[in-house]
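Just so it is clear, none of the values below were taken in a lab; they were calculated from the coordinates. Not measured: the values here are computed from a predicted model. Positions of Cβ are generated from backbone atoms using ideal geometry, with glycine treated the same way; all protein chains shown enter the neighbour counts.
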Amino acid sequence: MSLGRDLAARIAASGPITVADYMAQALLHPTKGYYSTRDPLGQQGDFTTAPEISQMFGEVIGLCLAQSWLDQGAPAPFILAELGPGRGTLMADMLRATAQVPGFHDAARISLIEASDVLKARQADTLKAHDPQWIDSVAGLDREPLWIVANEFFDALPVRQFQRDGTGWRERCVGLQDDTLTFGLSPVAPQPGLDHRLADTDDGDLVEWCAPASAIVAEIGARIADHGGAALIIDYGDWRSLGDTLQALRGHAPTDPLDAPGTADLTAHVDFEALAGAAAPAAFTRLTPQGVFLERLGITERARNLAAGLTGAPLTAHIAAHQRLTHPDEMGNLFKVLGLYPADATPPPGLEP
Ligand code: SAH
């Protein structure tokens, strides 16, 4: 039976489910979830991410983390971790670029946090030279200096959605109409966790709330503040989210989020203000557009060096990849970077307090 039929039966038996519950089932149901059943990345898949566009992305980010590690006195050992590593491409590019940084590889213990067995197998293959360990959640990270990166991870975490009604909120839910999954609204109720949104919303506005994201950042922030390290969180979204940003992608094209759950990627924009608010006692950087961040890290110089060895179609593709990662009309502005670092240290290169 399809996941859509499973969910319809569950809703018929016990009532509508939250958008977060729907998203969690659609993405990570153990046998029918989107990530549990496939490698979704690349041309043949449903979406492409920055590390899959060009090796330059991982290279400059690897050097950024290595410089941050040097700036904090090169502690050894330390954990080099990634949340949602996909095919392992970003970590592989980071490790290749940092091979010449004295002591960095010897001191690094690679930890990967990945929910999908399909992608774990892919990561094991990509990273077999580096002996990575997989852990189930950030709570399982050892309490040691921690340099950690997350690209397009937080957008995959389940969000709840609330529509304002007076000074209360109606939660958006997934129910059934004529045996088909459909959105509806729960009765109005107070939501103390959304009190701060009463100031910047009007009746009928929709806000999103991703509780797991804040919990994850809180775990990371505590480790970085206590033991040193830094985090780079890269994703699409803005300082504060407003409106419905739940979206589904199948075969690189938008589709109805309620159509055939488990067969399309589902994401929501990241609310960086909420992440920053969970970082204490670690400090957080100014939210910085991806294009600005990559330029500051020297991606254009790296692009020129790589271009010197290319001609014809590979050169054209390389130039297009650089443009796609950095140009404000492509990924350069839509994607943002938030850094976490110890309050008594300097922020990672490319980012400002
Ligand atoms: N960072 C990679 C992949 C992004 S896709 C890249 O940039 O190419 C999202 C990744 O997060 C996938 O690896 C997916 O399996 C993983 N993921 C999604 N939800 C997760 C969760 N709750 N816990 C752990 N991993 C998760």
statement: Taking every other residue with Cβ under 9 Å from the Cβ of D205 and scoring Lys and Arg +1, Asp and Glu -1, one gets -1
- request: Note the full-extension length gain between R109 and D179 as 0.36 nm times their separation in residues minus their Cα-Cα distance, in nm to one decimal.
  value: 20.2 nm
Region 1-137 - Rg (one decimal) and Dmax (whole number), Cα, Å: 18.5, 60
field: Estimated FRET transfer efficiency when R0 is 41 angstrom, pair L334-S14 (beta carbons, to 0.05)
entry: 0.60
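At a threshold of 8 angstrom on Cα-Cα distance, excluding pairs fewer than six apart, so keeping six or more, what relative contact order does region 182-319 reach in percent? The partial results should precede the final answer.
On the way: 107 pairs, mean separation 33.1, N = 138.
Averaging sequence separation for qualifying contacts and normalising by length gives 24 percent for region 182-319.
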- prompt: How big is region 102-197 by the Kirkwood estimate over distinct Cα pairs, in Å?
  reply: 17.8 Å
Net +/- balance of residues flanking A50 in space, Cβ distance below 11 Å, scoring K and R +1, D and E -1: -4
- prompt: Expressed as a rounded percentage, what relative contact order does region 99-158 have, with Cα pairs under 8 Å and six or more residues apart?
  reply: 33 percent
- request: Please give the calculated 222 nm ellipticity per residue for the chain, where each DSSP H segment of at least 4 residues contributes -39500 (n - 2.57) and the sum is spread over every residue; nearest 500 deg cm²/dmol?
  value: -10500 deg cm²/dmol
task: Can you tell me the 0 to 90 degree angle between the C-alpha axis of helix 312-326 and the longest principal axis of the chain, rounded to 10?
output: 60 degrees
query: Over the chain, what lengths in whole Å, largest first, do the semi-axes of the equivalent ellipsoid take, defined as the square roots of 5 times the eigenvalues of the alpha-carbon gyration tensor?
result: 35, 24, 20
message: Give me K128, K32 sorted ascending by neighbouring Cβ count inside 10 Å, so fewest comes first.
response: K128, K32
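Write down the percent of antiparallel bridges among all DSSP beta bridges whose residues are both part of the chain, to the nearest 5.
Antiparallel bridges make up about 60 percent of those DSSP assigns within the chain.
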query: Which whole-number percentage describes the relative contact order of region 10-156, with Cα contacts under 8 Å and a sequence gap of 6 or more?
result: 26 percent
query: Summing +1 for each Lys or Arg and -1 for each Asp or Glu, what net charge is found among the other residues whose Cβ lies under 13 Å from the Cβ of A139?
result: -1
